[in-house]
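Colleague: Below is a structure I'd like to ask you about.
What follows is calculated from the coordinates using simple rules that are stated; it is not laboratory data. Remember, predicted model here, so these are calculated numbers, not experimental data. Every residue, glycine among them, receives a Cβ derived from its backbone with ideal geometry; neighbour counts consider all protein chains shown.
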Amino acid sequence: MSGKITILGFAGSLRKASYNKAILNAAAELLPPDVELKIFDLEGLPLFNQDLESEPNEKVREFKAAIRAADALLIACPEYNYSISGVLKNALDCASRPYGDNALSGKPVAIMGASIGTLGTARAQYHLRQSCVFLNMFPLNGPEVMVALAQDKIDAQGKVTDPGTRERIGELVKSLAAWTQRLRQG
Ligand code: FNR
């Protein structure tokens, strides 16, 4: 692999002890050489209001600038009611507007998710992939990282303790770096 790659990661949960924040932190520990992961906290992003889209507040501007500065994105996607969380959907809406100023367009993206259920955010991840089509993002197809029964794999300090989960997260960031290089080459 040639050239440094910067990844921006964000989790669609505001919860302090979020399992999705935990898997993002695990990704930061499992990076291949020449890959940097910056984590953006979605706390404080306003609810999207189309009346105000031409005058985005500072947090929205900061988010869009961080996306644009990154070579690739890593999204930790919780599952709420069989879909993506409102926090994540709102973040995508904020980043994609106003029309013609979609910061997400053309970005390589890897998706992962953790839930306390047995399907590990599978349903939410496929909904997220659907939004990626309209947003003109380039999602990595695999490996799929769907952390089911997260309460058994992440400890009270937010450390991912399950070796298989750590291995898959490591594979995901490695594959995202390779995917980003591939897209860079055109
Ligand atoms: C959930 N949860 C959940 N889990 C799941 O596997 N499928 C689902 O459809 C839902 N739905 C759902 C809705 C709402 C409103 C909440 C608050 C929770 C449980 C969810 O997996 C759990 O709360 C995770 O801990 C959420 O992710 P974070 O906050 O730990 O990152």
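Colleague: Of ASN20, ASN57, ASN90, which has the largest mean-square fluctuation in a 10 Å C-alpha GNM of the chain?
Modeller: Comparing ASN20, ASN57, ASN90 in a Gaussian network model of the chain, the most mobile one is ASN57.
Colleague: Here is the link list: LYS59/LYS89; LYS21/LYS153; LYS4/LYS59; LYS4/LYS174; LYS38/LYS64. Which ones come out longer than 19 Å on Cα distance?
Modeller: Violating the 19 Å Cα-Cα cut-off are LYS4/LYS59.
Colleague: In addition: What's the exposure ranking of SER96, SER54, going from fewest to most Cβ atoms within 10 Å?
Modeller: Details: SER96 22, SER54 9.
So the ranking, lowest neighbour count to highest, is SER54, SER96.
Colleague: Let me have the relative contact order for the chain, percent, based on Cα pairs under 8 Å that are six or more residues apart.
Modeller: Answer for the chain is 26 percent.
Colleague: Separate question: List the GluC sites (Glu not before Pro) in segment 94-186 that DSSP assigns to loop (not H, G, I, E or B) and whose Cβ has at most 10 other Cβ atoms within 10 Å. Which are they?
Modeller: Hits after loop and neighbour filter: nothing returned.
Colleague: With runs of 4+ DSSP H residues as the only contributors, calculate the mean residue ellipticity of the chain at 222 nm using -39,500 (n - 2.57) per run, divided by the residue total and rounded to the nearest 500.
Modeller: Details: 5 runs with 71 residues, N = 186.
Per the formula, -12500 deg cm²/dmol.
Colleague: Still on this structure, please answer the following. Which is the longest part of the chain that has none of the chymotrypsin sites (Phe, Trp or Tyr not before Pro) sitting in a DSSP loop with at most 15 other Cβ atoms within 10 Å?
Modeller: 100-186
Colleague: Here's something else I'd like to know. Where does the charge balance sit around PRO139 when Lys and Arg score +1, Asp and Glu -1, over other residues with C-beta under 13 Å from its C-beta?
Modeller: Charge balance near PRO139 sits at +1.
Colleague: Would you pull out the residues with amide H under 5 Å of LEU74's amide H, same chain only if 5 or more places away, H placed 1.01 Å from N?
Modeller: Answer set, sorted by chain and number: LEU8, GLY9, PHE10, ALA110.
Colleague: Where in segment 1-37 are there trypsin sites (Lys or Arg not before Pro) that are in a DSSP coil and have at most 16 other Cβ atoms within 10 angstrom of their Cβ?
Modeller: LYS4, ARG15, LYS16
Colleague: Report, by chain and number, residues whose modeled amide H sits under 5 Å from the one on VAL35, excluding near sequence neighbours (fewer than 5 apart, same chain).
Modeller: For VAL35, whose amide H was placed from the backbone, the distant partners under 5 Å are ILE5.
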